Amino acid sequence: MSIVSTEPALKDAALRNIERQVIVIGSGPAGLTAALYAARANLTPLVIEGIEAGGQLMLTTMVENWPGHRDGIMGPDLMTELRAQAERFGAEIIQGDVSSVDLSQRPFTLKVDNASYLAHALIVATGASAKWLDLGVDKKLSGRGVSTCATCDGFFFKGLPVAVIGGGDTAMEEAIYLSKLATRVTVIHRREALRASKVMQDKAMSSPNIDFIWNTEVVDIKDLAQGKVTSLVLRDVNSGKTSELAVDGVFIGIGHVPNTALFKGQLALHDNGYLKTHDGARTSVRGVFAAGDVQDHVYRQAVTAAGSGCMAAIDAERFLSGTLHEDSLHSTIVS
Amino acid sequence: MASEKVKTFTDANFGEEVKNGVVLVDFWATWCAPCRRIAPIVEQLADEFDGKLTVAKVDIDENPMTPSKFMVRGIPTLLLFKDGDLKETIVGLETKDRLTQVINKHL
């Protein structure tokens, strides 16, 4: 079989109008927990896993704050377990990335490649993705020394100096991981104190080859002409003075942006782009629920994501059976 | 369901293998979680473009010279060669649709 022109695929799509009671978009802790609960409620949920399947935990190493694992569990192992657990109860998980949604009528329509899916209740668990610097050059040098994933790309910087940008838990985890590979890790943070949890701060501060540069921003990454990272141009946010730091790699850990582009104009969003939820996991459209980092800019933990996934599944189940209490907010939000 | 159509290239045979035709090479490692996500897509591409496109994988742990030569500094990275010339570098995750478009440009 060979697909060269797009025509056969389109014809095929017309035949593939798959209808489900519950569809979950996303396969991180929120999406898979929602799928687990929906599966146990006999709703045979379909999970469309998305391009970043397994979510952010797939890019981590040891997760030490997931309850019930006193010695910690590797992020990818946790996701493998959660996925198998959801499947065991009848969740179906498919590859693919949703390219558009139509939430104007039920069942809701989702497009994946050239196929259409119909959902009577929808759970949005699309999560958040690593934020880039907004320099332009950082994306152009992605895979050429600029990375948002230390566990993926740290390997290439054995015995070389690297920098980590950011001051939160993500940045500290990257710095600690890289300190075992790189000769020197320089953490560049635009404030004078870290946002990271105390445990992570202590670990990073006590590492002999992690240095800190405070109150400093990265204003340029060199060298695009050579097609690789050679140095960073830094600017002191107080004095405005610029300097250059020679590194072979730079890891960006400045936070995440919610994956809500699909829903713009269809679901109510906060100004920062996160989905608005109310009365549990409800969004501004009846029958659409949201869970995990896509709607949480405050806690953003694996366990809170899983908890909200459970809430979304229970809300969806009640919605489908007609027992979800209507609330006062709906009438004002739904136009 | 690993596709038998996906070949394995090494530092020793890489230059020879990409010399002719259109070749898509997936640089990966056992410890790379995102690489596991793209692997099934690469296998599907090998099946769907069978006869028109050679698809291969390079384990970067066992073959450090080839990634270094092509300045691969992050994985997954896909390189597309046509008759020995590097035509496309695709860093990170991409959808199958998007990869299909990139491949079709060179067939």
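The values are calculated or read from the model by the stated rules, or taken from the named source; none is laboratory data. What you see is a predicted model; the values in this text were computed from it and never measured. When we count neighbours, we look across all protein chains shown, and the Cβ atoms used for this are built from the backbone with ideal geometry, even at glycine. Note: accessible area is taken over every heavy atom of the protein model, side chains too, but ligands, DNA and RNA are not part of it. Shrake-Rupley method; radii C 1.70, N 1.55, O 1.52, S 1.80 Å.
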Next item on the list: Compute the accessible area of each residue in the range B:49-66 twice, once for its chain alone and once with every protein chain present, using a 1.4 Å probe on heavy atoms, and list those whose area falls by at least 30 Å².
Entry: B:Lys52, B:Ile60
Margin query: Rolling a 1.4 angstrom probe over the protein chains, ignoring ligands and nucleic acids, what is the accessible area of A:Arg318 in square angstrom, nearest 10?
Written below: 120 Å²
Note to self: Order A:Glu81, B:Glu43 by their accessible area, 1.4 angstrom probe, all chains in place, largest first.
What the structure shows: A:Glu81, B:Glu43
Check: If you find the alpha carbon centre of the range B:88-103 and of the range A:235-290, how far apart are they in angstrom?
Finding: 25 Å
Notebook entry, point to check: Dipole magnitude of chain B about its Cα centre, charges +1 at Lys/Arg Cβ and -1 at Asp/Glu Cβ only, in debye to the nearest 20?
Noted result: 300 debye
Checklist line | With all protein chains modelled, accessible area of A:Lys140 [1.4 Å, Å²] | finding: 140 Å²
Notebook entry, point to check: Mind checking which lysines have their C-alpha under 19 Å from A:Lys203, skipping anything on the same chain fewer than 8 residues away?
Noted result: A:Lys180
Note to self: Let me understand the range A:62-221 better: what is its radius of gyration from the alpha carbons, and its Dmax, in angstrom?
What the structure shows: 20.1, 58
Next item on the list: Can you pull out the buried accessible area for chains B and A, both sides counted, probe 1.4 Å, rounded to the nearest 100 Å²?
Entry: 2400 Å²
Next item on the list: Quantify, in whole percent, the carbon and sulfur part of the accessible surface of the protein assembly as shown (1.4 Å probe; protein heavy atoms only).
Entry: 49 percent
Checklist line | Electrostatic dipole magnitude of the range A:120-210 [Cβ: Lys, Arg +1; Asp, Glu -1; Cα centre; debye, to 20] | finding: 160 debye
Margin query: Need one number for the range B:1-59: average projected area of the convex hull over its C-alpha atoms, nm².
Written below: 4.0 nm²
Check: Reachable aspartates and glutamates from B:Lys69, Cα under 20 Å, same-chain residues fewer than 8 places away excluded?
Finding: A:Asp153, A:Asp223, A:Asp248, B:Asp11, B:Glu16, B:Glu17, B:Asp26, B:Asp59, B:Asp61, B:Asp83, B:Asp85, B:Glu88
Check: Based on the Cα atoms of the range A:143-225, what semi-axes does the equivalent ellipsoid have, where each is the square root of 5 times one gyration tensor eigenvalue, given in whole Å with the largest first?
Finding: 19, 16, 11
Item checked: Contact order normalised by residue count of the range A:182-335, Cα under 8 Å, 6+ apart, percent -> 12 percent
Next item on the list: Please get the size of the charge dipole for chain A, origin at its Cα centre, with Cβ charges of +1 on Lys and Arg and -1 on Asp and Glu, quoted in debye to the nearest 20.
Entry: 180 debye
Note to self: Contact order normalised by length for the range B:42-89, with contacts defined as Cα pairs under 8 Å and 6 or more residues apart; what percent is it?
What the structure shows: 17 percent
Next item on the list: Would you mind computing the Rg to Rh ratio of the protein assembly as shown from its alpha-carbon coordinates, Kirkwood style for Rh?
Entry: 0.98
Item checked: Descending principal axes extents, the range A:153-192, alpha-carbon based, whole Å -> 28, 15, 13
Item checked: Residue (of A:Val218, A:Ala261, A:Ser243) at the positive-pole extreme of the range A:203-305, dipole from beta-carbon charges -> A:Ala261
Notebook entry, point to check: Which value, in Å², gives the accessible area per residue of the protein assembly as shown when a 1.4 Å probe is used on the protein heavy atoms?
Noted result: 46 Å²
